[in-house]
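The values are calculated or read from the model by the stated rules, or taken from the named source; none is laboratory data. Please read all numbers here as calculations on a predicted model, not as lab measurements. Cβ: placed from backbone, ideal geometry, glycine included. Neighbour counts: every protein chain shown.
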Amino acid sequence: MSTPVVDVQNLVKWYGPRLAVRDVSFSVAQGEVVGLLGPNGSGKSTIFRILTGYLVATSGFVAVAGNDATTQSLALRHEVGYVPEDAPLYDHMRVNEFLQFMAQLKGLFARSSTRAVGTVAERLQLTEVAGVPIGKLSRGYRQRVAIGQALLNDPKLLIFDEPTSGLDPNQVIAIRDLIRELAGARTVLMASHVLPEVEQIASRVMILLEGKLLTSDALALAADGQRLRLQVAGPEHLVHEAVAAVPGVRSVVVQPDSGVGDRQYLVETDQRSDVAQHLAAALVGRGLALSELVAVRPDLERIFLQLTRRPREEAA
Amino acid sequence: MRRFLVLLVKEEKALFSSPIAYVLIAMFLLIMGYSFTLALFISHAMTLVHLFLQIFVLFLLTVPIMTMRLIAEERKLRTMEVLLTSPVTETQIVLAKFVASMSIIVLMLILSGAYTVVLAIYGDPDWGPIFSGYFGLVLLAAALVGVGLLASSLTNNQIIAALLSLSAFLLLWIIDEYGYLLPDPFDSLVVNMSLSVHFKPFATGSMYLSDVAFYLSAAMLSLFLSVRALAWR
């Protein structure tokens, strides 16, 4: 097995008397896109700041691309592109000037810095605002500049802390698409308290609450079963009968807003690869017209609520 | 070294793109011009001793304004997070800010060199005290900027940073007045912490290693502590 890009073992961080991160361990493999989900103040930003070398852990082991955060902090920072929350930037600098400055700080000089800035500006559509002072940019453009500086030296790991915070809906969609596009070739860690956002971008979701990692793969928690959505034409009772007879089916319900023609059904089944195949055969065998059969992604909201409620209830 | 130069250029641009640097330089030249002219007409002496003593006081009052924003502002605006998640060290950041601030002071002193030109044109000044005076002012400024940077690294609030360094400077300016009242050996200990006691010999043309060491060690200690304060997160 290859070395993980991110390796965190028993991470603890105290801010004076306050325990911000409690014995957190996880790893992220090359090419993974991992979402870190948790309410405000749950320790997401603290973990990211430790991963970027900005904060020092109280105890535990943190490494990025094999570089220990304590003893090889500078080497670690070469491997990480970090987009902090709310894009703190130098407002007096022009976009191009800021990107050049950051490229040089990241060790790119002369032609390589100019080339990197040009590539990033083009990719993030910043060329038209290259000469504009950052203080005069919209929030969407500011966020693009912040993402741009993180990409300059083509780091192994990209970290986004609440990347769509404070953006309008159009900007949110644009930034989400951008992250999804960037994620293709890189390892990405993204923090958010917006569930659908994480669900849409991440391939794995970790849930953090009050500094404690509740799960390092929330989506796998739903793997004790799967959900399938069917669209079938025909009498409802026949569909129920046909579906219920298939081995592995646990329940079937009609989607409340599925109209009067082809109705949509949500089927909960065991985690078996052949259930969908048997369902299709059963429906077609009874002469019912099946027009759609898709697997529904696990309901992250349900998992999140279950996990975050439990510790609170236990504490109560 | 390359990253230090990149940071230095950024600091120089930030200093000279804000009106503070120009206002400070203009105010400095205005006050010094008035003082120089008045001293020359009254005493008719080919000396800059009075001018150096006035620059000493003016530095105590203006350096806090110059240094208050250096680290406090970057912390408050969270741009320090951008810097410190890039592959640069705290030492490079602090030194770049220090050298950039010193460059404004050196520029002020170079501009005040116009007065020496006037003296040279109309008389035959004693160059020894002039050189030692300027040398002393650079050393004094290094210590003051160091302490100002330290104050700025201790808080996110620029006003508090300015008040911290101003209070320290005013205390160290007059501390010898009270030091003489103390019993031995505290009297010499406190008197030797005085900024003015160590500066007066420079202004009058005497250079002592102890005075040079005092300012240099104050500058280095405060820079070291600034780096530690920045690294403590």
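Condition check ((1) modelled with pLDDT of 75 or more; (2) farther than 25 Å from residue A:196 by Cα; (3) loosely packed, with under 15 Cβ neighbours inside 10 Å; (4) not polar (S, T, N, Q)) across all residues:
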{"residue": "A:252", "(1), (2), (3), (4)": "yes, no, no, yes"}
{"residue": "A:257", "(1), (2), (3), (4)": "no, no, yes, yes"}
{"residue": "A:261", "(1), (2), (3), (4)": "no, yes, yes, yes"}
{"residue": "A:266", "(1), (2), (3), (4)": "yes, no, no, yes"}
{"residue": "A:282", "(1), (2), (3), (4)": "yes, yes, no, yes"}
{"residue": "A:295", "(1), (2), (3), (4)": "yes, no, yes, yes"}
For segment A:47-75, enumerate the residues that are without any contact (Cβ under 8 Å) to a residue 24 or more places away in the chain and not in a loop (DSSP other than H, G, I, E, B). A:49, A:67, A:68, A:73, A:74, A:75
Can you find a residue in segment B:49-65 that is within 14 Å of chain A (Cβ to nearest Cβ), farther than 23 Å from residue B:119 by Cβ and either part of a helix (DSSP H, G or I) or modelled with pLDDT of 90 or more (or both)? no
Any residue at all in segment A:224-231 that's in contact with a helix residue (DSSP H, G or I) (Cβ under 9 Å, 6 or more places away or on another chain), surrounded by 18 or more Cβ atoms within 10 Å (Cβ to Cβ) and modelled with pLDDT under 85? yes
Neighbours by Cβ (under 6 Å, 6+ apart or cross-chain): first from segment A:119-137, within 13 Å of residue A:97 (Cβ to Cβ); second of a type in the set (Asp, Glu): A:134/A:91; A:135/A:91
Counting only residues that are surrounded by 19 or more Cβ atoms within 10 Å (Cβ to Cβ) and over 25 Å from residue B:194 (Cα atoms), segment B:124-154 contains a total of 0
Take the residues in segment A:125-140 that are closer than 18 Å to residue A:85 by Cα and assigned to a loop (DSSP other than H, G, I, E, B); name whichever of them is farthest from the chain's Cα centre (by Cα). A:137
Residue selected from segment A:55-66 under the condition buried (at least 20 other Cβ atoms within 10 Å of the Cβ) and under 23 Å from the mean Cα position of the chain (by Cα), by the criterion farthest from the other protein chains (Cβ to nearest Cβ): A:63
From the set of residues in segment A:144-167 that are assigned to a loop (DSSP other than H, G, I, E, B) and polar (S, T, N, Q), which is surrounded by the fewest Cβ atoms within 10 Å (Cβ to Cβ)? A:165
When (1) surrounded by fewer than 15 Cβ atoms within 10 Å (Cβ to Cβ); (2) assigned to a helix (DSSP H, G or I); (3) of a type in the set (Asp, Glu) are applied to residue B:184, the one that fails is (2)
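Just checking, which of B:70, B:84 is touching a Lys or Arg at 6+ places or on another chain (Cβ under 6 Å) and within 21 Å of residue B:13 (Cα to Cα)?
Matching residue, one of B:70, B:84: B:70.
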If you check A:52, A:114, which single one turns out to be more than 10 Å from chain B (Cβ to nearest Cβ) and either under 28 Å from the mean Cα position of the chain (by Cα) or surrounded by fewer than 22 Cβ atoms within 10 Å (Cβ to Cβ) (or both)? A:114
Given the criterion within 12 Å of chain B (Cβ to nearest Cβ) and either surrounded by 14 or more Cβ atoms within 10 Å (Cβ to Cβ) or under 20 Å from the mean Cα position of the chain (by Cα) (or both), identify the matching residue among A:75, A:20. A:75
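Scan segment B:20-32 and give yes if some residue there is assigned to a helix (DSSP H, G or I), within 11 Å of chain A (Cβ to nearest Cβ) and under 26 Å from residue A:96 (Cβ atoms), otherwise no.
No, that holds for no residue.
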By residue number, the members of segment A:138-192 that are basic (Lys, Arg), more than 14 Å from chain B (Cβ to nearest Cβ) and farther than 20 Å from residue A:52 by Cα are A:139, A:176, A:180
Would you please name the residue that is farthest from the chain's Cα centre (by Cα), looking only at residues in segment A:82-103 that are at the interface with chain B (Cβ under 9 Å from one of its Cβ atoms), among the aromatic types (Phe, Trp, Tyr) and over 21 Å from residue A:186 (Cα atoms)? A:101
Given (1) farther than 30 Å from residue A:69 by Cβ; (2) in contact (Cβ under 8 Å) with a residue 40 or more places away in the chain; (3) surrounded by fewer than 20 Cβ atoms within 10 Å (Cβ to Cβ), residue B:121 misses just (2)
When segment B:86-96 is checked residue by residue, the ones that are crowded, with 23+ Cβ neighbours inside 10 Å and either modelled with pLDDT under 95 or more than 14 Å from chain A (Cβ to nearest Cβ) (or both) are B:86, B:94
For segment A:297-311, the count of residues that are farther than 26 Å from residue A:262 by Cβ, at pLDDT below 70 and touching an Asp or Glu at 6+ places or on another chain (Cβ under 9 Å) equals 1
